[in-house]
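None of the figures in this text is laboratory data; all of them are computed from the coordinates on show. This one's a predicted model, so the numbers in the text were calculated from it and none came from an experiment. Reconstructed Cβ throughout: ideal geometry from the backbone, glycine too, with neighbour counts over all protein chains shown.
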Amino acid sequence: MKGFDLVSVYEVTISGFGGQGVLFMGQLLAHAANRANLETSWLPAYGPEMRGGTANCMVVISKETIDSPFILNPTAVIAMNKPSMERFEPQLKENGLLVLNVDMINKENSRGDVNVYKIQADTIAGELGETKAANMVALGAFIRASEILDIDLVSYCLKYVFAENKETTD
């Protein structure tokens, strides 16, 4: 967990259109962090539309008790589309991590004081034969760039969380 070398609290905002799986990404991240015996919180937010509206969530991962699940200046932002980048990039802490799904973002980021990790999440998911998995590609890119959690733990939790969600929806 190299991502915790310099900080005791890691705050992540994940955002995109409804239907891109941003809330699920946050759930999975929080679940994996909890499984790693870290304190976690997950706070979802979404527009009135079920699909196509905006959705985002805030995930706080900490070695200590979490004071609030609300994030003003995240350590990292995962933006799945252009409106999400435009909304949350300005809030990102200096030297923070900005993960961009460049398949949906045709604009350069405006800050030179952040670390940018660009990923063609939609393209890679399509190449893997699972177009709906762009969220998992982006989450994997975030895990690799941040080194906040072990990728094998996140993969394990994906199977567990996905099975849990499938049982409640079938």
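Counting only the Cα atoms, the range 1-135 fills a convex hull of 111 Å³ per residue.
Summarising the label geometry, the points placed 7 Å from Cα in the beta-carbon direction at Val116 and Phe70 lie 3.1 nm from one another. Counted over the range 75-170 with a bin width of 5 Å, the fraction of Cα pairs per bin, in whole percents, is 3, 13, 21, 21, 19, 13, 8, 2, 1, 0. For the range 2-169, the Cβ-based charge dipole about the Cα centre amounts to some 220 debye (Lys, Arg positive; Asp, Glu negative; other atoms uncharged).
What ranking do Glu89, Glu130 get, fewest neighbouring Cβ atoms within 10 angstrom at the top?
Sorted ascending by nearby Cβ count, the order is Glu130, Glu89.
Remark: the range 73-87, residue by residue, has Karplus-estimated 3J(HN,Hα) of 10, x, 6, 9, 10, 10, 10, 8, 8, 4, x, 5, 4, 5, 7 Hz, where x stands for each Gly or Pro and the curve is 6.51 cos²θ - 1.76 cosθ + 1.60 at θ = phi - 60°.
Taking Lys and Arg as +1 and Asp and Glu as -1, the other residues whose beta-carbon sits under 14 Å from that of Ala125 total -3.
For the range 2-169, lysine pairs separated by 8 or more sequence positions, or belonging to different chains, with Cα-Cα distances below 16 Å total 6.
Just checking the listed ones, Gly53, Gly140, Gly26: in the Gaussian network model of the chain with Cα springs under 10 Å, the one fluctuating most is Gly53.
Sorted fewest first by neighbouring Cβ atoms within 10 angstrom, Tyr10, Tyr156 come out as Tyr156, Tyr10.
Seen from Gly96, the other residues with C-beta closer than 10 Å to its C-beta sum to a net charge of -2, counting Lys and Arg as +1 and Asp and Glu as -1. Could you point to the residue in Ile105, Ala145, Thr40 farthest towards the positive end of the chain's charge dipole, with +1 and -1 charges on the Cβ of Lys/Arg and Asp/Glu respectively? Looking along the dipole axis, the top candidate is Ile105.
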